1. Roughly speaking, what is the stretch gain from residue A:226 to residue A:1, that is 0.36 nm per residue apart minus the C-alpha to C-alpha distance, in nm to one decimal?
2. Which whole-angstrom value gives the distance between the alpha carbon centres of the range A:211-261 and the range A:113-175?
3. With the cut-off at 1.5 for a/c, could you classify the range B:3-52 from its C-alpha gyration tensor as rounded, prolate or oblate?
4. Let me have the relative contact order for chain A, percent, based on Cα pairs under 8 Å that are six or more residues apart.
5. Under the rule a/c < 1.5 gives rounded, and otherwise a/b versus b/c splits prolate from oblate, where does the protein assembly as shown land using the Cα gyration tensor?
6. Considering every residue in A:163-170, what mean count of other chain Cβ atoms within 10 Å of its Cβ is obtained?
7. What share of the DSSP beta bridges in the protein assembly as shown is antiparallel, in percent to the nearest 5?
8. Would you mind calculating the gained length between residue B:132 and residue B:3 on full extension (0.36 nm times residue separation, minus the Cα-Cα distance), in nm to one decimal?
């Protein structure tokens with residue numbers, strides 16, 4: 001016969017036991033840690049953007065759209081270039097007409113809805129271009145929110161979307177703090193930059209890296225200490241976007257300023 | 001226990017069994033936890049191969065060099081050395097088999113991507129030799145006067 005006191009005790013014990021996460025019981029395995037450090041064949045794809053070199057030509061956007069079969073005239077793109085014009089009164093003006101697919105064809109800032117803003121040459125305190133693409137985060141929030149397991153991270157760090165399994169719910173598009181995901185107008189599934197996975201796995205560079213004539217875009221393997229990109233990331237003053245979100249983005253930027261969002 | 005207690009239980013068990021069978025049929029066999037663990041790695045393993053199989057369209061200058069060595073050397077010795085052939089000539093795809101010819105983009109807008117002067121001294125754009133396309137010979141194609149493979153040789157075509 002169970003007493004009321006006994007029942008309460010056992011219930012609390014059970015609830016307490018269930019509250020302990022499974023991860024807390026996992027002991028770390030020294031062998032596993034050693035393997036991570038010593039395995040030189042391992043790959044972790046990372047990207048390096050030098051904003052001081054970008055001139056806003058948009059060849060990267062054009063090449064990406066054709067290479068990855070993103071409908072050319074639809075206003076969606078896997079990568080884009082933003083123009084930042086900061087005037088002497090402290091205001092920041094940002095635009096990216098068609099994602100800069102055709103570059104920047106006017107000195108006016110595109111405000112959307114057919115409106116343009118003229119900025120006089122002498123009012124500019126600084127102006128520059130910032131290419132954007134998927135950050136292939138170490139903690140990708142877009143993957144966590146997928147209810148069906150259609151998006152995932154590969155061993156080499158690239159986040160992919162399974163087109164045959166995606167149900168098009170759009171949670172991942174909402175979940176990405178960088179706004180890099182969109183609906184593919186043809187396949188009707190979530191779409192994103194995947195560092196040209198079909199090229200990098202063949203030893204080629206991404207289409208945007210090849211198209212960039214100024215060396216503003218580079219791709220590398222963070223697990224290879226001799227990789228020129230890894231050397232820059234380890235020794236120079238690189239920054240990432242929206243670090244405060246805890247996503248651990250793996251696209252590193254040279255020459256970021258506080259105005260860049 | 002009485003029959004009226006067991007009967008709904010049988011129904012519930014049947015529903016659970018049906019869901020399990022349906023799951024077995026619908027979920028592909030290669031679904032599983034990948035190298036990145038359950039939270040980030042749960043996926044259909046075959047999809048990685050699907051992405052690797054995407055066709056390469058931009059074959060890069062190294063591919064063009066195999067046949068067009070003269071043009072390759074020409075541009076590599078010019079200020080345009082870093083511009084990839086396919087930026088202007090379009091993606092090579094299966095050229096020369098398919099397509100046999102590539103469409104060259106001779107639009108003024110193509111050159112203006114870099115050479116439309118923008119007064120952005122704090123970016124690389126401000127130091128590129130630039131013009132205003134609206135006033136600089138708006139009626140002509142750039143290549144009528146400028147040789148794109150080596151812009152230093154003006155007037156050669």
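The numbers here are math on the coordinates, done by the rules we state, and not lab data. This is a predicted model, so every value here is computed, not measured. Backbone-built Cβ (ideal geometry, glycine too); neighbour counts: all protein chains shown.
1. Full-extension gain reported as 73.9 nm.
2. Computed from Cα coordinates, the inter-centre distance equals 16 Å.
3. Values: a/c = 7.39, a/b = 3.02, b/c = 2.45.
Because a/c hits 1.5 or more and a/b exceeds b/c, the range B:3-52 counts as prolate.
4. Values: 433 pairs, mean separation 64.7, N = 261.
The value is 25 percent.
5. In terms of gyration-tensor shape, prolate.
6. 2
7. Here the antiparallel bridges make up roughly 85 percent for the protein assembly as shown.
8. 37.4 nm
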